[in-house]
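Scroll down for the structure; my scribbles are underneath it.
The values are calculated or read from the model by the stated rules, or taken from the named source; none is laboratory data. The structure presented is a predicted model; accordingly, all values stated were derived computationally and were not measured. Backbone-built Cβ (ideal geometry, glycine too); neighbour counts: all protein chains shown.
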Amino acid sequence: GEDVEQSLFLSVREGDSSVINCTYTDSSSTYLYWYKQEPGAGLQLLTYIFSNMDMKQDQRLTVLLNKKDKHLSLRIADTQTGDSAIYFCAESFASSGNTPLVFGKGTRLSVIA
Amino acid sequence: DAGVIQSPRHEVTEMGQEVTLRCKPISGHDYLFWYRQTMMRGLELLIYFNNNVPIDDSGMPEDRFSAKMPNASFSTLKIQPSEPRDSAVYFCASSPSSHGQFFGPGTRLTVL
């Protein structure tokens with residue numbers, strides 16, 4: 001079945017790197033996503049990785065995918081107070097067209113100044 | 001470029017009342033999704049549409065929930081009658097044919 005697991009909380013100091021981890025169970029997922037949710041707001045698409053890649057970098061964000069272990073991580077370099085939010089990992093099974101996303105419960109990132 | 005638009009942003013109603021949530025997807029997107037977010041269950045898919053046609057409504061909790069998409073630029077999610085356990089944040093998201101979903105700001109529903 002489909003299941004996405006994340007740790008619930010992470011606390012880091014401003015300027016340090018944050019690493020948010022996610023594990024998923026379904027190896028047929030094709031795209032894996034990271035979303036950010038600030039208080040009272042919707043989910044903002046941060047980045048994604050296709051399942052045949054193992055790394056993707058986008059400015060301060062680095063996504064690593066280990067398909068063998070079904071493990072996904074999001075690294076935020078030089079973490080700022082504005083990065084404080086809940087981060088959701090999600091998987092999709094779309095090979096063509098689109099399918100609903102299966103989300104983890106989210107990791108609440110707190111950045112300490 | 002306007003993103004996904006949802007209204008109302010907040011809704012407070014009494015048990016037994018009808019509630020209608022509205023969504024305008026991003027122009028040109030073929031897919032529209034309705035999700036519900038609660039502390040206990042996280043984000044759950046309720047229903048999704050492709051080209052205005054419902055594809056999967058297995059996530060709709062019960063017959064009290066219904067959703068329509070009369071055209072490519074508008075969708076509604078209706079709860080009748082509403083119950084306190086329906087209190088949640090309801091998100092609409094739209095997507096192009098390829099992949100990636102873009103979320104609206106959500107409607108926070110409180111049923112007293």
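Quick notes on this structure:
- Total residues in the stretch B:92-104, condition over 13 Å from A:L101 (Cα atoms) and either at pLDDT below 95 or in a strand (DSSP E or B) (or both): 3
- If you filter the stretch A:1-14 down to residues that are assigned to a loop (DSSP other than H, G, I, E, B), touching a strand residue (DSSP E or B) at 6+ places or on another chain (Cβ under 9 Å) and not charged (D, E, K, R), you find that the one that is surrounded by the fewest Cβ atoms within 10 Å (Cβ to Cβ) is A:L8.
- For B:E18, the test of being surrounded by 13 or more Cβ atoms within 10 Å (Cβ to Cβ), among the acidic types (D, E) and more than 14 Å from chain A (Cβ to nearest Cβ) is failed.
- From the options B:F102, B:F74, residue that is at the interface with another protein chain (Cβ under 8 Å from one of its Cβ atoms) and surrounded by fewer than 21 Cβ atoms within 10 Å (Cβ to Cβ): B:F102
- Selection within the stretch A:61-113 - hydrophobic (A, V, I, L, M, F, W, C) and closer than 30 Å to B:N51 by Cβ: A:F88, A:C89, A:A90, A:F93, A:A94, A:L101, A:V102, A:F103
- Meets criteria (surrounded by fewer than 20 Cβ atoms within 10 Å (Cβ to Cβ) and away from chain A (no Cβ under 14 Å)) for B:E62: yes
- Among the residues making up the stretch B:30-47, those that are modelled with pLDDT of 95 or more and touching a Pro at 6+ places or on another chain (Cβ under 7 Å) are B:L32, B:F33, B:I47.
- Matching residues, the stretch B:77-99, being polar (S, T, N, Q), closer than 13 Å to B:Y35 by Cβ and more than 8 Å from chain A (Cβ to nearest Cβ): B:S94
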